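The next block holds one structure in the form of structure tokens; read it before the comments.
Derivation of every value follows stated rules applied to the coordinates shown; laboratory data play no part. Everything quoted here is computed from the prediction, not taken from an experiment. Glycine gets a Cβ as well: all are built from the backbone with ideal geometry, and neighbour counts include every protein chain shown.
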Amino acid sequence: MRETAVKYKKFLISFLILAITVTSCDKINESPIPEVYVNLPINLNITNELTIPGSSVYFPGIGFGGVIVTCFSYGEWYAYDAACTYEVSPNCTVKEDGGIAECPCCGSRYVLIGGGYTVKAPASVPLKQYHVSLVNNFTLRVYN
């Protein structure tokens, strides 16, 4: 009887750890950028720059300050809100240049591969990241 209670306790602890882990993975990163609904389909036959590793495309009017999508390799894309996390204004958006995005308002710089992390102050928070999935062979979906 005692062995059953110990097994049940271990199962319950494992289940709680799993539940906490799964629910904490919902957000990609915490950001000062306001939450705005994003659901952007991208036709790779039309926006074929996103099939070339290292290239980025800016989509204005989506999200809070527009969306930048970067191709790391075919099958691996990153998408970020273009609003600077230091200035936090839809009018102050980063400009992409060679895999680095720079804010013209404060001079903060962000790397666009692997998380949008800052590489130059004053910003200390990464760009707001969105989910990206390949719907079929020629359509990307950017969403939150």
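Each label point was placed 7 Å from the Cα along the Cα-to-Cβ direction; for I52 and V135 their separation is 2.5 nm.
I'd like to compare 80-89, 131-140, 109-118: which one has the highest average count of other Cβ atoms within 10 Å, and what's the full order after that?
Details: 80-89: 23.0, 131-140: 12.7, 109-118: 19.0.
Ranked by mean Cβ neighbours within 10 Å, highest first: 80-89, 109-118, 131-140.
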